[in-house]
Amino acid sequence: DAGITQSPRHKVTETGTPVTLRCHQTENHRYMYWYRQDPGHGLRLIHYSYGVKDTDKGEVSDGYSVSRSKTEDFLLTLESATSSQTSVYFCAISERTGNLNSPLHFGNGTRLTVT
Amino acid sequence: KQEVTQIPAALSVPEGENLVLNCSFTDSAIYNLQWFRQDPGKGLTSLLLIQSSQREQTSGRLNASLDKSSGRSTLYIAASQPGDSATYLCAVLEYGNKLVFGAGTILRVKS
């Protein structure tokens, strides 16, 4: 398995509170991604990063922010959690340096419940 | 906007059967297509990656084909086993470097 660790694995939080999810990789891969997975929607891209301090929005970025201060860490922050953000969040990494056809590797996910 | 559709949404087959999972996409401007497997409560595991210039890829009992012009891919699983039970997802890498996923096919192989 690719060296990807997501923390926490499970979290319950209240509406309106900020939440930060962490993705840590030991592969030194350039690209990192945050997806959310919901029934009927598949996986949808929230934000991604193509290098330290280089990030871009995905299709469902509203209400989320990200930061990447080190190659190995990619943080996802819910600025003020809402019930619609209850989901399973997956981090993924890809080498992709000079090779757009390198596969994506996923972490085991964080199950977030907003009450 | 790229849309990826997987048919069927769920499939139940007896052990030993050969089966085909389908994936279609609306925009042929892609770099590659990937097939993933997801077990309950787990992340996704990459099974096969087909580059846009390729027609198929094989790994063991799995064979994936790609027809970019028609926007279709199939994942063929030979001699299915109960351990193949999982959700299978396809995803295309667009020219904007974003991976777009289908909703998946839930496969159950009965012993």
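Tabulated data
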{"quantity": "Solvent-accessible area per residue, Å², over chain A with all protein chains present [probe radius 1.4 Å]", "calculated": "47"}
{"quantity": "At least 30 Å² accessible surface lost relative to isolated chain, residues of the stretch B:82-111 (1.4 Å probe)", "calculated": "B:L93, B:N97, B:K98, B:L99, B:F101, B:A103"}
{"quantity": "Size of the B/A contact, given as accessible area buried on both chains, probe 1.4 Å, in Å²", "calculated": "1700"}
{"quantity": "Inter-part distance where the stretch A:8-47 and the stretch A:57-111 are each reduced to a Cα centre, Å", "calculated": "5"}
{"quantity": "Cα-based Kirkwood hydrodynamic radius, chain B, one decimal, Å", "calculated": "13.9"}
{"quantity": "Extent along principal axes [Cα atoms of the protein assembly as shown; Å; largest to smallest]", "calculated": "49, 39, 32"}
{"quantity": "Chymotrypsin sites (Phe, Trp or Tyr not before Pro) within the stretch B:61-100: DSSP coil, no more than 13 neighbouring Cβ in 10 Å", "calculated": "B:Y95"}
{"quantity": "Qualifying chymotrypsin sites (Phe, Trp or Tyr not before Pro) in the stretch A:38-115, DSSP loop, other Cβ atoms within 10 Å at most 16", "calculated": "none"}
{"quantity": "Chain A: radius of gyration and largest Cα-Cα distance (Dmax), Å", "calculated": "13.4, 43"}
{"quantity": "HN-Hα J in Hz across the stretch B:105-111 - Karplus 6.51, -1.76, 1.60, θ = phi - 60°, x for Gly and Pro", "calculated": "10, 8, 10, 10, 10, 8, 8"}
{"quantity": "Check: the protein assembly as shown dipole with +1 on Lys, Arg Cβ and -1 on Asp, Glu Cβ, in debye", "calculated": "140"}
{"quantity": "Rel. contact order, % - alpha carbon contacts under 8 angstrom, at least six apart, chain B", "calculated": "37"}
{"quantity": "About the Cα centre, charge dipole magnitude for the stretch A:4-91 (Lys/Arg +1, Asp/Glu -1 at Cβ), debye", "calculated": "160"}
{"quantity": "Relative contact order (percent, whole number), chain A, Cα cutoff 8 Å, 6+ residue spacing", "calculated": "35"}
{"quantity": "Antiparallel content of DSSP bridges confined to chain A, in %, to 5", "calculated": "90"}
{"quantity": "For the stretch A:77-90, 3J(HN,Hα) per residue [Karplus equation, 6.51 cos²θ - 1.76 cosθ + 1.60, θ = phi - 60°, Hz, x = Gly/Pro]", "calculated": "10, 8, 5, 8, 4, 10, 4, 5, 8, 4, 5, 9, 9, 10"}
{"quantity": "Accessible area expressed per residue, the stretch B:17-90, with surrounding protein chains retained (probe 1.4 Å, Å²)", "calculated": "44"}
{"quantity": "Among A:S83, A:S94, A:S67: highest mean-square fluctuation, GNM of chain A, C-alpha pairs under 10 Å", "calculated": "A:S83"}
{"quantity": "Leading residue at positive end of dipole, the protein assembly as shown (Cβ point charges), from B:T26, A:V88, B:T87", "calculated": "A:V88"}
{"quantity": "Among A:G42, A:G16, A:G58: highest mean-square fluctuation, GNM of chain A, C-alpha pairs under 10 Å", "calculated": "A:G42"}
{"quantity": "Share of carbon and sulfur in the accessible heavy-atom surface of the protein assembly as shown [1.4 Å probe, %]", "calculated": "46"}
{"quantity": "Nearest-20 debye value, the stretch B:1-103 charge dipole, Cβ charges on Lys, Arg, Asp, Glu", "calculated": "220"}
{"quantity": "Highest-fluctuation residue, A:E59, A:E95, A:E27 considered, GNM on chain A with Cα pairs under 10 Å", "calculated": "A:E59"}
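The values are calculated or read from the model by the stated rules, or taken from the named source; none is laboratory data. Just so you know, these numbers come straight off a predicted model, no measurement behind them. Heads up, the Cβs are rebuilt from the backbone with ideal geometry, glycines too, and the neighbour counts pull from every protein chain shown. These area figures cover heavy atoms from the full protein model, side chains too; ligands, DNA and RNA do not enter into them. Shrake-Rupley method; radii C 1.70, N 1.55, O 1.52, S 1.80 Å.
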